[in-house]
Every structure is written in C-alpha cells, then in structure tokens.
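Take a look at the structure set out below.
The values are calculated or read from the model by the stated rules, or taken from the named source; none is laboratory data. Please read these numbers as outputs of a predicted model, since none were measured by experiment. Ideal geometry is used to build each Cβ from the backbone, glycine not excepted, and the neighbour counts take in all protein chains shown. Note: accessible area is taken over every heavy atom of the protein model, side chains too, but ligands, DNA and RNA are not part of it. Shrake-Rupley method; radii C 1.70, N 1.55, O 1.52, S 1.80 Å.
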Amino acid sequence: VGSGSAVSLSRQVQGTGGSSAVSKSSAAARGYIQDRFLRLLAGRRRRRRAPLIHRGYYIRACAVDHCVQDFLLKTQSLPRTQILSLGAGFDSLYFRLKDMGLLHHTVVYEVDFPNVACQKATLIKRMKELSALVGDTGEEILGAVMFSGEDYKLLGADLSELSELERALEEAGLDNEIPTLFIAEVVLTYMENTRSDALIQWTAEHFPQACFLVYEQVHPEDPFGRVMQQHFSQLSSALHSLAQYPDCEAQQRRFLGKGWTECSVMDMNEFFTCCIPEDEQQRVQTLEPFDEYEEWHLKCSHYFVLAASKGMEPSWTPLLPSVTVPRHAGPVGMAGSVPAAVCAGLSGIPGLRRYGHHSLLIKPNMILTTGGFGEEDGQHCRMRNFHVLSKHAGYWKAVCVTQNIPDKRWGERLYHTVSCLSDTLALVVGGRTSPSSAGLGMLWLKFPKTCNASDPDHIAVEPVSLQPAAEAAALRWRHSVTETTFKGEQYLFVYGGRSALEPVLGDWYFLHTRELSYTVIAVEGPVPESRHSHSACSWEGGVLIAGGLGAAEQPLGSVFLLREVEHGFQWQTIETHPPLIPRYSHTAHVHDGKLLLVGGVWFHASSVPGITVIDLMTGVCLDYGINVEHLEWPLMLHNHSSVFLPDEKELLVVGGGGNCFSFGTHLNPQPVSLSLSSILISH
C-alpha cells in the first residue's frame, strides 16, 4: 500500500471509531452501560441509536469490562501493572476505571493514529471533568506522547508499523517486566494479517507476564457474515482477519501458535448466557421495547471475546462460565443437502422482499402473502398490500392486490397469523405495528370463489367483533394459530407468542371456528414452557409445537404434541434422537408422518439451520443443509414464510431477512424453491 492510500485507509478505519463512540454514548444515555464519560468523549456527535445497536454495544462493553476488571482483581496484590489499549479511539476505559478507584498501581497506555490521539488529547484538556481525573503533570509533550498524566499516557503511533510502536512505547516508559494487559477491541482485523500476527507474536516475546484481550468479528461465510463483510468493504475498511481466522477455534490456534500459553474464547451468545448474571440479563432485556431477537442473536454469534495469557501466576482465566449451558460444540452432522433455486417468474417484484409477514395456500397452487415489513414504492415500510402467487404449467407468477381503502384496521401488521377457513374466507389473528403497541385483534379476509391467480379480484378486509372472553387471544404476536378437531367439531388453537406487556406467553385458547367463540376444553399433561416464534402444525386432529424462544430469550429444542383424548386434549413430549438443536423463527410443515423444520436461528454458530426432518414415529432427527450455489445473494432463513406443495415435494420460501445490526437491512430479493424430493422418499 502506498503511503497515500494508507492514509485514506487509516481515515476509513478511524471513522469506524468515531461512529462506535456515538453508539456507546447512546447506549449509556438509555441506561445500558453506566458511563458518564462516553458523552464527553463523543463530543458533539450525538445521535439516538436503535435498541438493537444499544444491545450490541452493551455486550461489547460488558465483555471488555468483565475481562479488564478480572485482570485488575487478580493482580491487585502486585506492586505494579499496566494496561495497553491498542487502537483505543475515543474510548472511556481509563476514566471509568480511575473514577471507580480501580487504578491504585496501574498505568494505562492508549495508542491510536497520531491525529486521533491528538484530537483526544485536545478534548481531555478542554474538559474539566476529564483533565481533573488525569491530573495533567504539565510535562512537555514530546514525540509520540500526546498527553501524559501520572497513570495515563496517550500515544500517537501506527500499530501496523511495529518499530514505530516500539519506539513510542519506550518513549512513554512502558515497562516490559511487569504484568501487562493488551486490549484490542475491533482493531486487529483492520490490519493486514501479517502485521497483526507480528503484533501478537511481538507482545508474547517481549512481555514475560502478559494478558491479551480481543473483541472482533467471526464467521464471514454464512448469510449474516456475508452482509457484514460487504458493509465493511463498502466503508473501505475490510476485515482482514476473517479469511484466515474464520471461527473461534482458528483465533484460539492463532494465539497459541504465536507464543501465548493459555487462550479461551467464546462468542457473544455464550458470553451473555454464561458470564452475565441472570438479574442483569433481565434488566437489559426490559430497558426498551425490543422485538429484534433474530438480529440480536445473529450479531452475537458473529462477534467473539478472546482472553490469552502467558507467565501469569495464578493463571488468568476471565472467561470461565459462571453457569454452564449445554454447548453444541463441533459442526452439526448433516445428512445431506437440498438444492435451492430462484423462481424465474417471481424476480423483480419488490413487494416480495419482506419479513415478519405470513404466506398460506388459499387454493391449490395459489398463495396469499400478507403484512410484514419490506419494500413498497421504493421505501422500507410496513406492508399494506397483499400479494397473490400462483403456479401455472410449472411457472410461478405474482400479482399485487392493493387495498381499495387505506384500511387502518388492517393495521399494516407484522408477526400475525392467517388461517384459511374455506375457499372464500381466511382469518387474521394478532400481529403488531411497533413493539410497544398493543396487539391488533382479528380480521376476516374474504375473497370471491372465482378468485384465481390470473385475476385476483379485490380481497375484502372486515374486522371481527369478538366476545370479550376471546379478545385476549388476539392481542399477541409471534404466536401460532392451528386448526384442531375435538369431538368432530373444528377449532382454532391459539398458542404462545408475546404481547406489549408480556415478553413471552405460554397460554392457549380454543376458538370454535364457526362462531369464533372462546371454548373451554380440558388439557392435561406437562405444560410446555412459555415461548414465541415457535412453529405449529396440524397433525391427526392435534397440534405439533416445535422450538421457539423461551422466557430468558433462550432458544428451545422441545417438541410437543397436543392430541385429543376422551375428555379433552393432552400434551405429550416427543423425544427426538439426537436431541433437536434449539431454534426459533423457523417455519414447519408435516408430510407423510414427518415434521419438517425450515431455517430459523440457533446458537450453534458453525452453520445456519437448513431443513430438519423429524420422523414422528421414531423421533429420529436429521439435519440437511441448503445448497445455495445457484443463488447470487445470501439466503436468510429467519422471519421468512414458507408453503409446502406436497405433490411436487416443493417448498416455496417467501421473504425473510431483517436488520443486520449496523450493517444495513438484508431482505431476500425473491422467493426461493427448495426441492425436497431427495429427502422425502416415501416408504
């Protein structure tokens, strides 16, 4: 890289630091992190970020604080220690530790590009609250040292130039012989691998007692990882580490191979579950209305925290879980794969790029897609129009059905359900506009008998007037509504979900299909734990519930059958072998005694969920990958809808995707057909 382009590259990387300071400051303002210094260091750049961004920066701050405080605690009896923060940017770590009285015998060194360090030094001098804490020694600023206090040194140097870094640290008085903690918070990945590797090795070789803390990205090749990589490439600050060190194990091998003797690493889903106390988890989960679980868990599976050490007595192990959760270590055993193909007739229809919507078969080869969030008239918004998809002579086509009246009662809803009750009638239950709003009740959708795909007449929307007893059944979202039979009569079984007041529901209602009246039917057996974003299918007059997100925002792996018995219904657990990997936000279908689970989100970061087939007679559970080599874009299988066409053994996936943290919104551009004939061989 010539020096000119190196300068512009360093500017792009510095830009990421400024933006992260603003995000951290916004998270502190909402009470996620207790840090009064972030506001001062973010300067005039203040913006309120979205709850998803707040959570992302909260977990990052937690991981760093957890490890730093553990280092200070383990070394508190030693006469002197030091912390070296690499690429510190406008971080507030020193001020926070000093304010908490944790720096009795520790000097903090911060290194960043000279112009960043210079800006920060100016800011500190200008702000009484900051300069008072440092206690400016009044030393003349020379060479690389931009600011010098008794226990704080701010240096300007390029980390990728080792000799320059070494000179600067020597000048500032860094002592190689005392225990030193190195911190690299989303820093190493912006450097060429040969340079970051050299830095990791240099620290191990020159410091006999040392600890190294890293927080950065991982898993570049799955759909979320591809969107993440593209985002950083567009910012001209590519993530270099990922190709060579694509997962946590590779990062661990990297440190152990470069002179570090101990190294533990975990992704942020594991860190949140294992290292953050339960009451703190609950506090954070209730700070703001929140409904982006999929994106939160995907973000967390694409970042890791690593703690390496050498020569420390006792050894430094900050990432020992305080609670152990069953880990799905190692790759998922795949029984095979199914091919994915785009549907030729359905490309270029913006209305089919959406998530949180619902699709169902209203007649043979005819699908109605409603609601959700997506693209309409070139803008991202809650979707008002319906789409009818139909298949003729092997080809799909789609027609947009506009609402004649801008019907507020339709409410432009997300995470609702639609159940087809006859060839002219469907029922919409629940859904939401924003996560802080109450649920949205029920609606009839009426379509004429003659409604066919080449000419989908107007679909009439009429509100349902419910008896008060049945109203609570409809004020929820991320729930399920399934057709059941009891004593020959048809019922709709409304189960689970969440509401504006309850983050997770475990209750159920039987609605008599004809009158939509609430009927009490006895249910015995072990009650499934509360859940939302699960799947539910009709099977032999009963209901199959699988997976979902449970009370502590943890994915569930249980499968239940609600089946008719003499006086009512009974819950039965279906044991799966091997145990089903916990997941949520998947879709499901039953075919020929097999339960098919499609996509979803799980904590198992080595792969994304494809198709899981559970044999309902034997409980045998097989995972299949999805072969996406014929797709030119990342296929995100969460918040999608799917329709199964049993004759062709074809699964049509419509929509899916969401907000990929701060990396932009990814919506699957067009519906995808999965051919399941190879895995659904009839016996």
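Odds and ends about this structure:
- Integer Hz, Karplus 6.51/-1.76/1.60 couplings in order for the stretch 294-305, x for Gly and Pro: 4, 5, 5, 5, 5, 4, 5, 7, 10, 9, 10, 10
- Sorted on the mean count of surrounding Cβ atoms within 10 Å across their residues, most packed first, peptides 523-529, 120-126 read 120-126, 523-529.
- Where the chain is the region considered: accessible area per residue in Å², 1.4 Å probe: 40
- Within the accessible area of the stretch 336-675 (1.4 Å probe), percent carbon and sulfur: 52
- If R0 is 25 Å, the Cβ-Cβ spacing of S233 and M334 corresponds to a FRET efficiency of close to 0.30.
- Gyration tensor (alpha-carbon) shape descriptor, the stretch 202-339, a/c threshold 1.5: oblate
- With Cα atoms defining each centre, the stretch 120-196 and the stretch 338-352 are spaced 53 Å apart in the structure.
- Relative to the current alpha-carbon distance between Q467 and V620, full extension at 0.36 nm per residue lengthens the span by 50.8 nm.
- Relative contact order of the chain, pairs being alpha-carbon contacts under 8 Å that are 6 or more residues apart, as %: 10
- Electrostatic tally near K487: other residues with Cβ closer than 11 Å to its Cβ, Lys and Arg +1, Asp and Glu -1, net -3.
- Projecting label points 7 angstrom from Cα along Cα→Cβ for R195 and S163 puts them 1.5 nm apart.
- Prolate/oblate/rounded label for the stretch 526-683 (Cα gyration tensor, a/c 1.5): oblate
- Ordering of 104-112, 559-567 by burial proxy (mean other Cβ atoms within 10 Å per residue, highest first): 104-112, 559-567
- Computed 3J(HN,Hα) for the stretch 252-267, one whole-Hz value per residue from the Karplus formula 6.51 cos²θ - 1.76 cosθ + 1.60 where θ = phi - 60°, is 5, 4, 4, 6, 5, x, 10, x, 8, 8, 10, 7, 10, 8, 8, 7, glycine and proline marked x.
- For the stretch 62-102 versus the stretch 543-618, the spacing of their alpha-carbon centroids is 44 Å.
- Cα-based shape type of the stretch 336-675, given that a ≥ b ≥ c are square roots of the gyration tensor eigenvalues and the cut on a/c is 1.5: rounded
- By accessible area with a 1.4 Å probe, ligands and nucleic acids excluded, highest first: order of M268, M146: M146, M268
- Ellipticity at 222 nm from helices only: DSSP H runs of n ≥ 4 in the chain, each -39500 (n - 2.57), divided by the residue count, give -7500 deg cm²/dmol.
- A full extension of the chain between D507 and A551 corresponds to an added length of 14.5 nm, given 0.36 nm per residue minus the alpha carbon distance.
- The stretch 2-310 - percent of accessible surface contributed by carbon and sulfur, probe 1.4 Å: 50
- Residue-by-residue Karplus 3J(HN,Hα) for the stretch 494-511, coefficients 6.51, -1.76, 1.60, Hz, glycine and proline x: 8, 9, x, x, 8, 9, 5, 9, 10, x, 7, 10, x, 8, 8, 9, 9, 10
- Distance in nm between pseudo-label sites at D647 and Q490 (7 Å out along the Cβ direction from Cα): 2.2
- Calculated FRET value between D99 and S607, using beta carbons and R₀ = 51 Å, to 0.05: 0.70
- Length gained on full extension, E129 to R36: 32.5 nm, using 0.36 nm per residue less the C-alpha separation.
- The value of relative contact order for the stretch 575-614, using C-alpha pairs under 8 Å at least six residues apart, is 34 percent.
- With the simple spin-label model, which puts each label point 7 Å out from Cα in the Cβ direction, the E632 to A393 separation comes to 2.6 nm.
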